[in-house]
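Here the structure comes first, spelled out in structure tokens, and everything after it is commentary.
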Amino acid sequence: MTAAYDEFLAAWPDYAGTAAVDALRAAEYRRLDAQRHVYLDYTGGSLYTESQVRAHLALLGERVFGNPHSASPTSSDMTALVENARRAVLDWFNARGQYTAIFTQNATAALKHVGESYPFGPGGHYLLSVDNHNSVNGIREFATAKGACVSYAPLVAPELRIDRARLADLLRRPGPLTSGAADPAPKLFAFPAQSNFSGVKHPLELVDEAHTHGWDVLLDAAAFVPSNRLDLERVRPEFVSISFYKMFGYPTGVGCLLVRTDALPTLHRPWFAGGTVNFASVHARQHRLAPGEAGFEDGTLNYLAIPAVEIGLRHLSSVGIDTIQTRVRCLTGWLLAQLLELRHTNGRPMVRIYGPVTTGDRGGTVTMNFYDPDGHLLDYRRVEELASRERISLRTGCFCNPGAGEAAEGLTDDDVIAAIEQSPDLTLPRFLQIITHRGGKSAGAIRVSFGIASNFADVHRFVQFAAGLRDQTRLALGEVTFDIESCRVIRDGS
């Protein structure tokens, strides 16, 4: 590995400037090397430091906290910590005074707030890129139920970037006026700042482009902000969803919806709950929603966990988001180059990469599939099984982003409809089986991703693992099937 590391540094000299992270890993993430783990799933969830947990435990152990919905001493102390965390979040995104931070259970709950509260209606429009997480795709059900139009902006293969020309046409399309209204019906455009499938960083200037044509914008920033700076003074979407455990690992169970304060009145909640109302009456069947974030923070917040958000942000600040971005970029660039060089003895490529094969406008998420010497697709679940034996943690499947996967494999409406007709109770494993036999296509892939604690040794071990698949045939490796009733993975049909 020493020779490989020297070659890596020669190709990616900026990595040397991130050496402080190696000391951080040795002190704060030592469990990785102690247990010989190679963790390559930072897009799924980042890793926490020992000091984050200790600081949170000390806070809980030294003080007495109560439910913040009261004026008692324990409640007031807890309220102060929640509000400190809220200010820390707004400061991190340079959004103080311009945005409202609504704590949610996760990024999905943040997106649901937008879906159920946005004023979709007849004449309205929900436009989203094909490359979106299912939690963003799911908003189309709210839009459709309220009579709004739903459209998708396509991707361009092989890099899987948004088709800018087609998107421009869709954004320019005038919307009909609502009945009796002088203004067009509300329109919402949604896209991810960074794809959780391909790693593509979609251009943030799309926000201004959409605004020019009268659209509100929902930016899914969950995969972007763990290793990139999002400055909401410069980029000003109406709605931004984020997930804290993807940024710094701990706590889970806390996400956030950032709403531009001047856009908050456009959201109309279809219900109310404990903690969201200033007044509610059973006899009069009336209620008055609390203003600001309080009207959206349903029930009791995960108040004991929220102070850990501020601790996590301090940790990121101490490392430096630019340092993390540089490190991730260098490791990603080296991995892409190594994977593209892998060949079977007969000269056939071993790996197909979905998305950009350079580091330009892409993040540290690399999605791929492996092929045998005859060009047959290797079952990604079998590859995951073999990686697990080497204590390599990666992720496989469609990553809750079916649109990007369909675009990557060239799946058509006919492919999907044929699978649904063949299997009405369709699942992803069954869909994979059908389309593989139908046309040799795949609905799933293998994803590795880098983050704050990644180092060269992690990437080198994965490349060695990948090289170990050279000249292995599909039949020799065995196939994996999934028994739905018993929820068991079955290899080689046994």
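Scanning segment 252-284 for residues that are out of contact with any Ser or Thr (no Cβ under 7 Å at 6 or more places or on another chain) and among the small types (Gly, Ala, Ser) yields Gly253, Ala263, Ala273, Gly274, Ala280, Ser281, Ala284. Need at least 2 residues that are without any contact (Cβ under 8 Å) to a residue 40 or more places away in the chain per element, so show me which strands (runs of 3 or more DSSP E) inside segment 53-157 make the cut, counting only ones lying wholly within it. Ranges flagged: 149-153. Right, Arg343: outside the structural domain of Asp131 (by TED's automatic domain parsing), closer than 22 Å to Tyr5 by Cα and in contact with a strand residue (DSSP E or B) (Cβ under 7 Å, 6 or more places away or on another chain) or not? Answer is yes for this residue. One residue alone among Leu257, Leu230 is assigned to a loop (DSSP other than H, G, I, E, B), touching a residue at least 60 places away in the same chain (Cβ under 8 Å), assigned by TED's automatic domain parsing to the domain that holds Ala294 and more than 18 Å from Phe120 (Cα to Cα), and that residue is Leu230. For segment 325-333, the condition of being within 21 Å of Asp6 (Cβ to Cβ) and of a type in the set (Lys, Arg) holds for at least one residue. In segment 160-172, the residue that is farthest from Leu127 (Cα to Cα) out of those that are surrounded by fewer than 17 Cβ atoms within 10 Å (Cβ to Cβ) and out of contact with any Leu (no Cβ under 9 Å at 6 or more places or on another chain) is Ala165. Residues that are among the polar types (S, T, N, Q) and in a loop (DSSP other than H, G, I, E, B) were ranked within segment 33-52; the one that is surrounded by the fewest Cβ atoms within 10 Å (Cβ to Cβ) is Gln35.
In segment 394-433, how many residues are part of a loop (DSSP other than H, G, I, E, B) and in contact with a helix residue (DSSP H, G or I) (Cβ under 8 Å, 6 or more places away or on another chain)? Talk me through it step by step, then tell me what you get.
Of segment 394-433, the ones part of a loop (DSSP other than H, G, I, E, B) are 394, 398-401, 410-412, 423-427.
Those still in the list that are in contact with a helix residue (DSSP H, G or I) (Cβ under 8 Å, 6 or more places away or on another chain) too: 394, 398-401, 411, 423, 426.
Going through segment 394-433 one residue at a time, the tally reaches 8.
Of all residues in segment 358-371, those satisfying the criterion of being buried (at least 20 other Cβ atoms within 10 Å of the Cβ) and either aliphatic (A, V, I, L, M) or more than 19 Å from the chain's Cα centre (by Cα) (or both) are Val366, Met368, Asn369, Phe370. Counting only residues that are charged (D, E, K, R) and crowded, with 20+ Cβ neighbours inside 10 Å, segment 407-428 holds 1 of them. In the set (1) surrounded by fewer than 19 Cβ atoms within 10 Å (Cβ to Cβ); (2) at pLDDT below 95; (3) within 18 Å of Glu116 (Cα to Cα), Ala263 fails one condition alone, (2). Here are some conditions: (1) farther than 29 Å from Ala476 by Cβ; (2) assigned to a helix (DSSP H, G or I); (3) outside the structural domain of Tyr250 (by TED's automatic domain parsing). Thr359 meets all but one. Which one does it not meet? So Thr359 meets the others, but not (2). Give segment 10-42 a look and list any residue that's in contact with a Cys (Cβ under 9 Å, 6 or more places away or on another chain) and not small (Gly, Ala, Ser), or say none. Listed by number, the residues that qualify are Trp12, Pro13, Asp14, Tyr15, Thr18.
The values are calculated or read from the model by the stated rules, or taken from the named source; none is laboratory data. Small disclaimer: the values here were computed from a predicted structure and weren't measured. Neighbour counts run over all protein chains shown; Cβ positions are idealised from the backbone, glycine included.
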